[in-house]
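*Asks:* Next up is a structure, given as structure tokens.
The values are calculated or read from the model by the stated rules, or taken from the named source; none is laboratory data. Because the structure is a prediction, the values reported are computed rather than measured. Cβ atoms come from the backbone with ideal geometry, glycine included; neighbour counts cover every protein chain shown.
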Amino acid sequence: MAQPKRCEEDAAEVAALVRAALERRAELSGADFPVRLFDRAGDGLSRLVIERFGGAVRVSGGPEKAALLPAIREALGAPAELFYRFGHEAQGGPDGGVRVVQEDGLFYEVALLPHRNTGLFLEARGA
């Protein structure tokens, strides 16, 4: 399998990287468990993580990635519930992003905002 191309802050290239990562994980698109959709440099761009928790999508990265949010949102298909955290700036739904998700038959409460970690560490699982 070819390695993803490395790129920097070009919005069109970032959108293409996100779409390529989604395509590689297409078999997980209908999964009802939390999924990491984009995993930093492994998908071609350091300091950018995209995770799905049910119907909610969380985008996080360094503050320099904030300008890429419109391109990322478009590449994701404009999800209804989008939460983001870039550095110390965080924004999302009115409830602060608390969700209950199921993983291997167990239920977990995750907080999509305002902290760096949600409480469920998807990086420990293969993407």
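*Asks:* Return a yes/no flag: does segment 60-73 have any residue that is under 9 Å from the mean Cα position of the chain (by Cα) and within 20 Å of THR118 (Cα to Cα). Before you say what the answer is, go through the steps one by one.
*Replies:* Of segment 60-73, the ones under 9 Å from the mean Cα position of the chain (by Cα) are 60.
After this cut, where a residue has to be within 20 Å of THR118 (Cα to Cα) as well, the list is 60.
Yes, that holds for at least one residue.
*Asks:* Same structure, new question: Pairs only if they're at least six apart or on different chains, beta carbon under 9 angstrom, first in segment 50-68 and of a type in the set (Asp, Glu), second assigned to a helix (DSSP H, G or I); list them, first residue then second.
*Replies:* Every condition considered, the pairs that remain are GLU51/LEU122.
*Asks:* So, one more: Of the numbered conditions (1) in contact with a Cys (Cβ under 9 Å, 6 or more places away or on another chain); (2) part of a strand (DSSP E or B), ALA90 fails exactly one; give the number of that condition.
*Replies:* (1)
*Asks:* For segment 63-86, does any single residue satisfy the condition of being surrounded by fewer than 20 Cβ atoms within 10 Å (Cβ to Cβ), in contact with an Asp or Glu (Cβ under 8 Å, 6 or more places away or on another chain), more than 22 Å from LEU22 (Cα to Cα) and modelled with pLDDT under 80? Talk me through it step by step, then tell me what you get.
*Replies:* Taking segment 63-86 first, the residues surrounded by fewer than 20 Cβ atoms within 10 Å (Cβ to Cβ) are 63-64, 66-67, 69-71, 73-74, 76-82.
Pick out the ones that are also in contact with an Asp or Glu (Cβ under 8 Å, 6 or more places away or on another chain) and you get 63-64, 66-67.
Then keep just the ones that are more than 22 Å from LEU22 (Cα to Cα); that gives 63-64.
Pick out the ones that are also modelled with pLDDT under 80 and you get none.
No, the conditions are met nowhere in segment 63-86.
*Asks:* Can you pull out every residue in segment 15-38 that is in contact with a helix residue (DSSP H, G or I) (Cβ under 7 Å, 6 or more places away or on another chain) and either modelled with pLDDT under 95 or assigned to a strand (DSSP E or B) (or both)?
*Replies:* Within segment 15-38, PRO34, VAL35, ARG36, LEU37, PHE38 qualify.
*Asks:* What's the number of the only condition in (1) assigned to a loop (DSSP other than H, G, I, E, B); (2) within 20 Å of LEU22 (Cβ to Cβ) that PRO114 fails to meet?
*Replies:* The single condition PRO114 does not satisfy is (2).
*Asks:* Just one of (1) out of contact with any Asp or Glu (no Cβ under 6 Å at 6 or more places or on another chain); (2) surrounded by 15 or more Cβ atoms within 10 Å (Cβ to Cβ); (3) under 22 Å from ALA124 (Cα atoms) trips up ALA31, so point out which.
*Replies:* (2)
*Asks:* Give the residues of segment 74-90 that are out of contact with any helix residue (DSSP H, G or I) (no Cβ under 9 Å at 6 or more places or on another chain) and either of a type in the set (A, V, I, L, M, F, W, C) or within 15 Å of ALA11 (Cα to Cα) (or both), sorted by residue number. Lay out the reasoning, then the answer.
*Replies:* As a first pass, look at segment 74-90 and keep what is out of contact with any helix residue (DSSP H, G or I) (no Cβ under 9 Å at 6 or more places or on another chain): 78, 80-81, 83, 85, 90.
Correct list: ALA78, ALA80, PHE83, ALA90.
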